[in-house]
Amino acid sequence: MFGYYAIIGLIALCSWLVSSRLKSKFEQYSRISLRNGMSGAEIAEKMLADHGIRGVQVISTPGQLTDHYDPTTKTVNLSEGVYNQRNAAAAAVAAHECGHAVQHAQAYQWLTMRSKMVPVVNVSSTLSQWLIFGGLMLGIAAKGFSFGFYIAIAGLVLMAVATLFSFITLPVEYDASNRALAWLKNKNMLSQEEYAGAEDALKWAARTYVVAALGALASLLYWAFQVFGRRN
């Protein structure tokens, strides 16, 4: 048990460090103005056009770090800062989100798989712990698991789906960044300094998904030990 909490504590610390580092990196690269003077929205529109993608809109969305590609509405949603700003960080984020649009247009298998899992994960991420906890409580009340055990197992299955989703997200995010960086480099969109900043920013962004996936796995293992340990 102590070992588990030590791992969770380490993952939480890593998550905080990576998130803090990511914010500082974006602040740093937000101070590097683009020589071409293009905004994040203009970068996004050009990348889409260069890939022959015509049916995707680039829109502004409220908030900070709220950037995402929505395959259901075919929109590249850029946070207000990224949409309007003309710096290396904005270029990196805009190109990355367009990387997802390119994945969608080319039916990238990992994105397709991830998209199919979204409806299930929306339910499982909320319901899984309640089922596990409820199953454990029923087992304690009945002084054995019986029906409660199977409820807890159902919760574990849902949690496993959410954990799998976290790991499937990794190749999707890394591939989108690779597509973005390749386009930025091949089209000479950025100077050497600007490109280095964009590349570094995207690397730190990707690491947040790695930490999240490890955290999901640690949580799944913990609850599995709770369920099967009590069963034994």
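The values are calculated or read from the model by the stated rules, or taken from the named source; none is laboratory data. Please read all numbers here as calculations on a predicted model, not as lab measurements. So basically every Cβ, Gly included, is an ideal-geometry build from the backbone, and we count neighbours across all protein chains shown. In case anyone asks, the SASA skips ligands and DNA or RNA and just uses the protein heavy atoms, side chains included. Shrake-Rupley method; radii C 1.70, N 1.55, O 1.52, S 1.80 Å.
Observations on the structure shown:
- A 1.4 Å probe over all protein chains sorts LEU22, LEU221 by accessible area into LEU221, LEU22, starting with the largest.
- Sorted peptide list for 169-176, 55-62, criterion being average Cβ within 10 angstrom, highest first: 169-176, 55-62
- Crossing angle, helix 40-50 versus the chain [Cα axis fit, 0-90 degrees, rounded to tens]: 80 degrees
- Identified option (computed P(r) over Cα pairs in 10 Å bins from 0, in percent; candidates (i) 7, 27, 21, 12, 13, 12, 6, 1, 0; (ii) 8, 27, 29, 18, 11, 5, 1; (iii) 7, 29, 35, 21, 6, 1, 0): (ii)
- Largest GNM mean-square fluctuation across MET159, MET137, MET113, computed for the chain with C-alpha springs under 10 Å, falls on MET137.
- From the alpha carbon centroid of the stretch 20-53 to that of the stretch 158-232 is 20 Å.
- Computed over protein heavy atoms with a 1.4 Å probe, the carbon and sulfur contribution to the accessible area of the chain reaches 60%.
- Dipole magnitude (debye, nearest 20) for the chain, charges at Cβ of Lys, Arg, Asp, Glu: 520 debye
- Helix axis angle, 2-29 relative to the chain longest principal axis, alpha carbon, degrees: 10 degrees
- Using alpha-carbon coordinates, inclination of helix 88-105 to the longest axis of the chain, degrees: 70 degrees
- Take VAL211: with every protein chain present and a 1.4 Å probe, its accessible area is about 20 Å².
- If only the Cβ of Lys and Arg carry +1 and only the Cβ of Asp and Glu carry -1, the dipole of the stretch 107-232 around its Cα centre is close to 500 debye.
- Looking at the chain alone, DSSP beta bridges between its own residues are antiparallel in about 45 percent of cases.
- Exposure rank, largest accessible area first [LYS23, LYS46, LYS116, LYS74; 1.4 Å]: LYS116, LYS23, LYS74, LYS46
- 3J(HN,Hα) along the stretch 178-183, derived from phi through the Karplus expression 6.51 cos²θ - 1.76 cosθ + 1.60 where θ = phi - 60°, amounts to 5, 5, 4, 5, 4, 5 Hz, with x in place of Gly and Pro.
- For the pair GLN129 and LYS187 in one chain, pulling the backbone fully straight at 0.36 nm per residue adds 16.1 nm over the alpha carbon distance.
- Relative packing of 34-43, 82-91, 183-192, which averages over residues the other C-beta atoms within 10 Å, highest first: 82-91, 34-43, 183-192
- Mean separation of Cα contacts under 8 Å (6+ apart) over length of the chain, as relative contact order %: 25 percent
- Close amide H partners of LEU34, meaning residues 5 or more places away or on another chain with modelled amide H under 5 Å apart, are ASN87, ALA88.
- In this structure the amide hydrogen of THR61, modeled in the peptide plane, comes within under 5 Å of the amide hydrogens of LEU78, SER79, GLU80, none closer than 5 places in sequence on its chain.
- Our coupling estimate for the stretch 197-210, obtained by passing each phi through the Karplus curve with A = 6.51, B = -1.76, C = 1.60 and θ = phi - 60°, is x, 4, 5, 5, 4, 5, 5, 5, 5, 5, 5, 5, 6, 5 Hz, Gly and Pro reported as x.
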